[in-house]
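Have a look at the structure below before the remarks.
The values are calculated or read from the model by the stated rules, or taken from the named source; none is laboratory data. Here the structure is a predicted model, which is why all the values come from computation and not from measurement. With ideal geometry, Cβ positions are generated from the backbone for all residues, glycine too; neighbour counts draw on all protein chains shown. Please note that ligands, DNA and RNA were not included when accessible areas were found on the heavy atoms of the full protein model with its side chains. Shrake-Rupley method; radii C 1.70, N 1.55, O 1.52, S 1.80 Å.
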Amino acid sequence: MNINPRLDFCVQPGADLTGRLTIPGDKSISHRALILGAIAQGTTHITGFLDGEDTITTLSAFRQMGVRIERPAPHEVIIHGVGLDGLQAPSQALNLANSGTSVRLLAGLLAGQAFDSELCGDASLMQRPMRRITEPLRQMNANIRCSETGTLPIVIGASNALQGIHYKMPVASAQLKSSLLLAGLYASGKTCVTEPAVTRDHTERMLRHFGGAVRKTQEGICIERQPLLGKPIEVPADISSAAFFMVAACIVEGADLLLPRIGINPTRHAVIEILQSMGADIKLENTQDCCGEPVADIHIRHSALHAINIPAHLVPIAIDEFPAILIAAAYAEGETVLTGAAELRVKESDRIQAMTAGLRALAIDVTETDDGMRVKGGRPSGGIVDSYTDHRIAMAFTVAGLAASGPITVHDCANVSTSFPGFVDAVSGLGIVIDVSHASNG
Ligand code: S3P
């Protein structure tokens, strides 16, 4: 029986991409504001919050752990923090749906609690690697295990005193780093992590904003137990969501788009550098500080793009933007080469495989490699592509349709609301013709 009809998008080429577009709040920062607000003392008032499915999942998890959370208006959250030791045992397993950030950050936090818990998720999350989290947490003396295949469910027993460790992370993952820093808040002594490459540092910045004892030292990024104090947080707009419209404006003739108050944290902004080195006309205006995070208005105008070899050091700090960047590559002159991006294979879908299949369906010449791909740019044709239920793949191919030689249909797009609620309205508001249809899954 077909219970959930599939949501498909069909986008027509051509649009008037001019004016301002408001992008929803940053997903990573919204998760962290909820988590730290819940375990802080006092009230945390969040504005600019991302009302997406992933962040609502984290919010529900804290309600299930006894935290009082109000929603006075859209994009606003008031959290009545319970302090480091005030969370209550949830009455059932916490289902974190599609959200890798929720599961990994909560695993670290829950490893330090005096109660048992269990974490599960949807079909995509149930397949993603979790041993990268459970192994170092076990080294901290956590009572935690995942399945034999290294996936969810994660089962966590009441903490019998975590101990600080010095951990050399084998993968460049902000989720892993953040998980260990949150566990470090509950550990005796100091917990230090070193990363093989720089990853997003929102956890460190927000911990400091809340008065946490996190420091960058010669031993790595280190934390010690210290109470957190609730604070107002304004969440910047999400650069990962903005990336789709940066690419859209690059490829549509006559485009001239302003995206206000986008987070341009240096550990996230590589998409701008990559697109600029492909010839994109992108300017940052009105740069400001927003609760410890830099923001700016991003101004993009149409320009011809050319291929590049994407520098390895930029890969971890543009990791979520590759679906969008690879669409830019499909419109660029020459062959764009991406390497060192094996992590893309363990995101909400195998993004290397999903982008290869989708671009090939649009007659773009792509070579898939273990840790990346090579894309020979040109002009994508119309066609039918599968999103593999991955929000970022769905949005990337929707944007690809704006300058293709025919309409592009993208299958299975319901998940765009995990990170970009209102995506269809945003797209339609720019004069893009998008047809949304419910199709049978069977
Ligand atoms: C995130 C970190 C990244 C990113 C994800 C959000 C975060 O994952 O892909 O969408 O909020 O910490 P990894 O840290 O696993 O690379």
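Per DSSP H run of at least 4 residues, take -39500 (n - 2.57); add these up for the chain, divide by its residues and hand me the 222 nm value, nearest 500 deg cm²/dmol.
Details: 12 runs with 123 residues, N = 442.
Result for the chain: -8000 deg cm²/dmol, rounded to the nearest 500.
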Dipole axis of the chain (+1 Lys, Arg; -1 Asp, Glu on Cβ), positive-most option in Val214, Gly189, Met65: Gly189
The chain, accessible area per residue, ligands and nucleic acids excluded (1.4 Å, Å²): 36
Mean-position separation - Cα centroids, the range 111-160 and the range 1-78, in angstrom: 24
Apportionment of accessible area to carbon and sulfur, the range 211-250, percent (1.4 Å): 49
Accessible-area order (highest first, 1.4 angstrom probe) of the listed residues Arg71, Arg379, Arg225, Arg6: Arg379, Arg225, Arg71, Arg6
Angle between the chain longest axis and helix 100-110 axis [Cα atoms, degrees, rounded to 10]: 10
The chain, relative contact order in percent, only Cα pairs under 8 angstrom and at least six apart counted: 20
Nearest-ten-degree value, helix 351-361 long axis tilted from longest Cα axis of the chain: 10
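Given a 1.4 Å probe and every protein chain left where it sits, what share in percent of the accessible area of the range 284-370 is carbon and sulfur?
On the way: 1590 of 3140 Å².
The nonpolar share, carbon plus sulfur, comes to 51 percent.
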Solitary cysteines of the chain, where the nearest other Cys Cβ is not under 4.7 Å: Cys10, Cys120, Cys146, Cys250, Cys290, Cys291, Cys413
Calculated over the range 36-173: convex hull of Cα atoms, volume per residue (Å³): 115
Fraction of alpha-carbon pairs over 36 Å apart in the chain - percent: 24
Of all accessible heavy-atom area on the range 119-194, the percent that carbon and sulfur account for (1.4 Å): 48
Selection from Thr356, Met278, Gln113, by position along the positive dipole direction of the chain (Cβ): Gln113
